[in-house]
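All remarks here apply to the structure that follows.
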Amino acid sequence: MDFSVLLTDIPTLVAVIVGVPLVLAAYIVGGEYLVRRLPDKARPAVRPWIWVAPALLLVTGFLVLPAVGTVIQSFQDNHGNFVGLTNFGNQLSGFPTGGSWIAIRDNLFWLIFYTLGALAFGLLLAVVFDRVPYEKIVKSLIFMPMAISSVATVVIWKFMYAYQPPGQPQTGTLNAILSTVFRQDPRTWVQDVTPILGLFPLNNMALIAAAVWGIVGFSMVILSAALKGIPGDLLEAARVDGAGEITIFRRVIFPLMMPTVVVVGTTLVIFALKAFDVVYAFTAGNYQTDVLANRMYKLLYDHFPSDYANASAVAVILLATVIPVLIFNLRQFRAVEARR
Amino acid sequence: MSVAAASPTSSVAVTWSPRWITDRLGSVVLHIVVISLTLAWTVPTLGLLITSFRLPADIANSGWWTALAPPFRFTLDNYSQMLSASNLGQGLFNSFMISIPAVIIPVTMAAFAAYAFAWMKFPGRDWIFLALVGLLAVPLQLTFIPVTTEFVKLGFTPDNLQSIGLPPFIPLWLAHAGYGLPFSIYLLSNFFRALPSDLFESAEIDGAGMLTVFFRIVVPLSVPAIASLVIFQFLWVWNDLLVALIYVGGTPNVAPVTVSLVNLVGSEGQNYQLLTAAAFFSMIVPLVVFLSLQRYFVRGILAGSVKG
Amino acid sequence: MASVTYDHVVKRYTADLTVVKDFNVEIKDKEFMVLVGPSGCGKSTALRMLAGLEAISEGEIRIGDRVVNNVAAKDRDIAMVFQSYALYPHMSVYDNMAFPLQMQHMKKDEIEKRVKNASRILGLDNFLKRKPRALSGGQRQRVALGRAIVRSPKVFLLDEPLSNLDAKLRGQTRIELQKLHRDLETTFIYVTHDQVEAMTMGDRIAIMNAGILQQVGTPGDIYDHPANLFVAGFIGSPTMNFVPATVDNGTAKASGLEVKLPKPVSAAKGTLGFRPEAVTDRVVDGGPSMKMKVDVVERLGSDQFLYGQVGTDQVTARVDPRMSVQPGDTVQLGLDTRGLHFFDAETEKALI
């Protein structure tokens, strides 16, 4: 490692750390000064825009305009000619294994199992941990995987799934348990496409399981806060009314947690559809574990020159899958605002 | 009041009654369940940690749990080899160079913008805010192609920047800032709105202008929320893989630690000794940040999430 | 039989925190018993032990003849109205009231009958489909009552049910609760910190302070014959006058007042107690009298209260509203010895 680099780069870092807030503050102060020179009436009309301008510019430049650009590009070929739905046709042809269909299928698996897995475990842990005095410690332990990168998560789970040929001592935790406790042959978890219950490929489930492991802390923390928000005397009243603990959960606790479950669920769906890191690091999308985000990356960087047209189409397909959640979120937001 | 605090009481008056026995048994089962679940969650990480201190030959031939029984053969070689032979050290440094500005820029911009959204009226305010909420769901993939093509057209690439003496990370900083702004504005705006309006009214009567109110009242009161946002954004950027790949690529002199690690995964395959040490090395900084400031991180997550 | 007996009941949280100490009280079937006392006196804890929401550290609680120490709350056949009402926010008024009956696996038509009946009694017929958040405070309280009534329990427990209502509603609801008690003919145990509620509603009152039961009796009993200084000061508004006095040869001497005690007392020092209405504006010949320098005069139309100094003590007097007094005046007042109390200086117990 070249340490001389440090000497030149650290000043840059400091310059940015100090400079950026300073520049922005100066901009606001300067803007405020200009606003003060306007007549009273004009001030409240002009001032807000000065405050939001930098943020809005950045957001428009990096999110809004490019998104529109990509949508437009999905209708063009790689030379800028309008080709209508050809790119989409490419991606959606050859059902069930051609085009993007495997990626779409896998995204669906992620959508269902990642979300449900994280919700179910999050709920279970929230409820069970709530009743032990050392709750804070165990919650921290479950929450820790959230601090590490997906790549580190993948390394951890690659190790869990490690495979040695049958008859040799197993180095992967899961295969070790499989062979000693269950007396079965070890499996190549990450490559095995055998469908569980006839439908769900093992390797996809394995990847999803690793991702769920990393995100359960998130859903647990939120669901736990919702759980603790239920007034204690509601539960006492239910007890006096004759309800047993399970009935209380079913008819009082869970219904009251429902709004939070929905919020966590929709956030998890968004994360599931965005899945890239885990798949990229584990399998790069091979062995039929591809997801749309990966597919797009490959179209851009495993091709030379990059296949912008098809990549844009894949991105738009990804957007399409997210739109229902987006609309739902917006509706919820407006409903909450209306009640203010 | 927690569910547990309101849990059914066990009568302590009579021991060994049927009720007392079922209560105690239920309690034991509960603790077993809690501890097993926690163990199950920590085993993966534990396995990797122990492996990072084992000899390569051992790693290939036996499970990590055997290292917990004699003979105890541990080594630090994996770590030293990782630091000298791989790019992780450089990667760590790059991660700092990337993360810190990528936190400062959006947080400061978001603070100003959120204040306007929370306490100023302007036409289209609610619609724009709604659009920001919508943008939270938009996949980043949708933005890569146009932005990178524009950057290349303008010559705004890491290589060009470096050759004129500027940090190569500027495009990445701006990208992370742009991507992080919707959530940052949403979080801070919610917090600002919850501040009691009498604060502002009494400040107005005292003669304070917008600037004074912002810098001397709102910001000091918002330190917990800003802290949460900083940690959140920091961890998000530090652990990011995709945006870094897209905007600065994978060359060692600019790659953050996540990219270096993923390259190692690709090249090392089944040789776990380097991989395990590298993985843990990459985890140190976020774990330290997380453990020391966990409270704020959790608060950031809870912001706006608990409903009903 | 739905009597309730507390037999040497103790509630201890830690070795140095005992909130209920040796609580003994027998509540008769169909009685309206009020547990009253200042905040933190242990009354709510005593109620919750009966409900099964708190464990009993020592002693026995019996409902009828049945010892309920180890019986789960749901099996005790009691109903409770919580201070916060504890209505299930996600269920309609109907469902809130039906819930306890569903827990008993009652048939749907039987449930409907009971809920409609309770709803009629409480005037909730128009609100059955609404959720709690669409109801006013008074309506929510009635739903909480309804949820208790439908169960036809052996005992009704009420934990400060009026404290969240505004003053006017409180007065109305007090009357309605008393009527309800008469109609339902069931034991009511009612906890409050408000002595007015206690005096007006209870068949009997049990006063607690710092975990110790001070006195049990009818309102009249407690008002006229308080057992100790605390009870005397807690019940009655305005509060009883307390004047330190020494006893010399059967006469109590206070700084501005001397009075011959109707009975001999063993103590040499203590506190003289007399209620404002025991002070008269007419001095009986040979009777005890005092000179008061009046500080404040309160005219309430039907009453007149004088607040002033007698000797070095503060005294409140209730006088005829037609008496003409100004702040600053000095008036001669008499004392009706029928309303006289004397409390021992050390034990604070009433000796007269």
Margin query: I'm told C:Pro226 meets every condition in (1) free of Cβ contacts under 8 Å to residues at least 12 places away in the same chain; (2) in the same structural domain as C:Glu197 (by TED's automatic domain parsing) except one. Can you identify the failing condition by its number?
Written below: (1)
Item checked: Filter result for the condition that a residue is crowded, with 17+ Cβ neighbours inside 10 Å, assigned to a loop (DSSP other than H, G, I, E, B) and of a type in the set (A, V, I, L, M, F, W, C), over C:Met49, C:Met106, C:Met33 -> C:Met106
Note to self: Whether any residue in the range A:215-234 is under 30 Å from C:Ser152 (Cβ atoms), among the aliphatic types (A, V, I, L, M) and not in a loop (DSSP other than H, G, I, E, B) is what I want to check.
What the structure shows: yes
Note to self: Please return the ranges of strands (runs of 3 or more DSSP E) entirely within the range C:221-288 where 3 or more residues are over 31 Å from the mean Cα position of the chain (by Cα).
What the structure shows: C:241-248, C:251-253, C:258-260
Margin query: From the list A:Thr266, A:Thr260, A:Thr247, exactly one residue is among the hydroxyl-bearing types (Ser, Thr, Tyr), within 8 Å of another protein chain (Cβ to nearest Cβ) and surrounded by fewer than 19 Cβ atoms within 10 Å (Cβ to Cβ). Which is it?
Written below: A:Thr247
Check: Name the pairs whose Cβ atoms lie under 6 Å apart, with the first residue in the range A:80-104 and not assigned by TED's automatic domain parsing to the domain that holds A:Leu319, the second surrounded by fewer than 21 Cβ atoms within 10 Å (Cβ to Cβ) and assigned to a strand (DSSP E or B), and 6 or more positions between them or separate chains?
Finding: A:Phe82/A:Gln76
Next item on the list: Give me a count of the residues in the range C:201-220 that are assigned to a loop (DSSP other than H, G, I, E, B) and farther than 24 Å from C:Leu272 by Cα.
Entry: 3
Notebook entry, point to check: Residues in the range C:57-71: is at least one under 25 Å from A:Arg251 (Cβ atoms) and within 13 Å of chain A (Cβ to nearest Cβ)?
Noted result: yes
Note to self: Looking only at the range C:1-47, how many residues end up being in contact (Cβ under 8 Å) with a residue 12 or more places away in the chain and more than 16 Å from the chain's Cα centre (by Cα)?
What the structure shows: 23
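In the range B:289-301, what residues are farther than 18 Å from A:Ile137 by Cβ and of a type in the set (Val, Ile, Thr)?
Scanning the range B:289-301 gives B:Val289, B:Ile301.
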Next item on the list: Pick out the one residue from A:Phe182, A:Phe159 that is more than 7 Å from chain B (Cβ to nearest Cβ) and more than 16 Å from the chain's Cα centre (by Cα).
Entry: A:Phe182
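Restricting to the range B:46-78, and then to whatever is outside any loop (DSSP other than H, G, I, E, B) and more than 10 Å from every other protein chain (Cβ to nearest Cβ), can you tell me which residue is farthest from the chain's Cα centre (by Cα)?
The extreme case among them is B:Ala57.
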Next item on the list: Output the number of residues of the range B:137-152 satisfying the condition of being assigned to a helix (DSSP H, G or I) and at the interface with another protein chain (Cβ under 7 Å from one of its Cβ atoms).
Entry: 6
Check: Of the conditions (1) more than 30 Å from B:Ser84 (Cβ to Cβ); (2) surrounded by fewer than 22 Cβ atoms within 10 Å (Cβ to Cβ), B:Phe232 fails just one. Which one is it?
Finding: (2)
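Here is a yes/no grid of residues against (1) polar (S, T, N, Q); (2) over 20 Å from C:Ala252 (Cβ atoms):
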{"residue": "C:Asp281", "(1), (2)": "no, yes"}
{"residue": "C:Gly286", "(1), (2)": "no, no"}
{"residue": "C:Lys291", "(1), (2)": "no, no"}
{"residue": "C:Val294", "(1), (2)": "no, yes"}
{"residue": "C:Val297", "(1), (2)": "no, yes"}
{"residue": "C:Leu300", "(1), (2)": "no, yes"}
{"residue": "C:Gln326", "(1), (2)": "yes, yes"}
{"residue": "C:Thr330", "(1), (2)": "yes, yes"}
{"residue": "C:Leu333", "(1), (2)": "no, no"}
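Would you say A:Leu207 is without any contact (Cβ under 8 Å) to a residue 24 or more places away in the chain, out of contact with any Pro (no Cβ under 6 Å at 6 or more places or on another chain) and among the hydrophobic types (A, V, I, L, M, F, W, C)?
No; evaluated as a whole, the condition is false for this residue.
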Notebook entry, point to check: Among the candidates A:Val138, A:Val155, A:Val127, which residue alone is buried (at least 19 other Cβ atoms within 10 Å of the Cβ) and under 30 Å from A:Ala311 (Cα atoms)?
Noted result: A:Val155
Next item on the list: Please list, ordered by first then second residue, the pairs with beta carbon atoms under 8 Å, 6 or more apart or interchain, first in the range B:272-288 and among the β-branched types (Val, Ile, Thr), second not in a helix (DSSP H, G or I).
Entry: B:Thr276/B:Ser52
Check: Which of the residues belonging to the range A:205-240 are at the interface with another protein chain (Cβ under 7 Å from one of its Cβ atoms) and small (Gly, Ala, Ser)?
Finding: A:Ala225, A:Ala226, A:Gly229, A:Gly232, A:Ala237
Note to self: Conditions first: (1) farther than 30 Å from B:Val254 by Cβ; (2) in contact (Cβ under 8 Å) with a residue 24 or more places away in the chain. B:Ala194 passes all but one, so which condition is the exception?
What the structure shows: (2)
Note to self: Exactly one condition in (1) without any contact (Cβ under 8 Å) to a residue 40 or more places away in the chain; (2) assigned to a helix (DSSP H, G or I); (3) within 13 Å of chain A (Cβ to nearest Cβ) is false for C:Gly138; which is it?
What the structure shows: (3)
Check: Which of the residues spanning the range C:325-352 are more than 27 Å from the chain's Cα centre (by Cα) and hydroxyl-bearing (Ser, Thr, Tyr)?
Finding: C:Thr330
Next item on the list: Take the range B:79-136 and flag every residue that is surrounded by fewer than 20 Cβ atoms within 10 Å (Cβ to Cβ) and either on the phi > 0 side of the Ramachandran plot or assigned to a loop (DSSP other than H, G, I, E, B) (or both).
Entry: B:Met120, B:Lys121, B:Phe122, B:Pro123, B:Gly124, B:Leu136
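Can you tell me which residue in the range B:251-262 is nearest to B:Pro168 (Cα to Cα), limited to those that are more than 10 Å from chain A (Cβ to nearest Cβ) and in contact (Cβ under 8 Å) with a residue 12 or more places away in the chain?
B:Val254
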Next item on the list: Determine whether the range B:160-168 contains at least one residue that is assigned by TED's automatic domain parsing to the domain that holds B:Asp126 and crowded, with 19+ Cβ neighbours inside 10 Å.
Entry: yes
Item checked: Failed criterion for B:Pro167 (all others in (1) in contact (Cβ under 8 Å) with a residue 40 or more places away in the chain; (2) out of contact with any Ser or Thr (no Cβ under 7 Å at 6 or more places or on another chain); (3) not basic (Lys, Arg) hold) -> (2)
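The values are calculated or read from the model by the stated rules, or taken from the named source; none is laboratory data. Being a predicted model, the structure only gives us computed values, none of them experimental. Neighbour counts are summed over all protein chains in view; Cβ atoms, including those assigned to glycine, are modelled from backbone coordinates with ideal geometry.
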